[in-house]
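Here's the structure we're looking at; comments come further down.
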Amino acid sequence: MSPNALRAIWRGPFVRTGLLIASIAAWPTIAVLSLVPGEDRPNTGMPGRIEHALAYAIAAFVTRLAFRRIASRWQALAFSVAAGLFEIGQIWVPGRNATVGDWAASTAGAVVGVIVARAIAHLLEPRRG
């Protein structure tokens with residue numbers, strides 16, 4: 001597929017709408033999975049910090065692509081603050097515990113997701129000039 005064809009798909013309404021829906025769904029999904037009691041939490045079999053990093057990377061990736069006009073640093077900061085608040089909220093959730101390491105893994109995942117999405121968007125955005 002040619003670069004121009006990819007750019008045309010990228011600018012299409014289906015991609016924009018799909019990314020917007022995925023982004024809007026990602027935030028409450030992370031909130032629910034972060035604050036559900038430990039016994040009700042799905043188990044992927046992966047180490048917890050890998051789960052944190054992947055979940056936040058995916059959420060940040062689709063959010064960055066859906067809301068490209070919002071600066072990357074503010075999006076990464078929003079995910080980092082949310083991760084911190086969810087970690088604090090886990091203090092009161094049975095079977096869960098709050099750790100700085102989990103917050104750091106979540107933040108790192110969000111930063112990676114934003115960076116990768118920004119790089120992809122840069123390749124697919126039409127050239128200005």
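Normalized C-alpha radius of gyration of the stretch 3-124, against 2.2 N^0.38 Å?
Rg over 2.2 N^0.38 Å, computed on Cα atoms: 1.13.
I'd like the FRET efficiency for ILE88 and PHE67, computed as 1/(1 + (r/R0)^6) with the beta carbon distance as r and R0 of 35 Å, rounded to 0.05.
Plugging the Cβ-Cβ distance into 1/(1 + (r/R0)^6) gives 0.90.
In deg cm²/dmol and to the nearest 500, what is the mean residue ellipticity at 222 nm of the chain if only DSSP H runs of at least 4 residues count, each as -39500 (n - 2.57), divided by the residue total?
That comes out to -25000 deg cm²/dmol.
Can you give the net charge of the other residues whose Cβ lies under 15 Å from the Cβ of VAL36, counting K and R as +1 and D and E as -1?
Taking every other residue near VAL36 into account, the sum is -3.
Can you tell which of VAL114, ILE58, LEU33 lies farthest toward the positive end of the dipole of the chain, using +1 and -1 charges on the Cβ of basic and acidic side chains (Lys, Arg; Asp, Glu)?
Ranked along the dipole, the leading option is VAL114.
Calculate, in whole percent, how much of the Cα-Cα pair population of the stretch 66-129 lies beyond 16 Å.
Result: 54 percent of Cα pairs exceed 16 Å.
Treating only the Cβ atoms of Lys and Arg (+1) and Asp and Glu (-1) as charged, compute the dipole magnitude of the chain about its Cα centre; round to the nearest 20 debye.
Computed about the Cα centre, the dipole is about 860 debye.
Could you tell me the relative contact order of the chain? Use alpha-carbon pairs under 8 Å, at least six residues apart, and round to a whole percent.
35 percent
No value in this document is a laboratory result; all are computed from the given coordinates. Quantities reported herein were computed from a predicted structural model and do not represent experimental measurements. All Cβ positions, glycine included, derive from the backbone under ideal geometry; neighbour counts span all protein chains shown.
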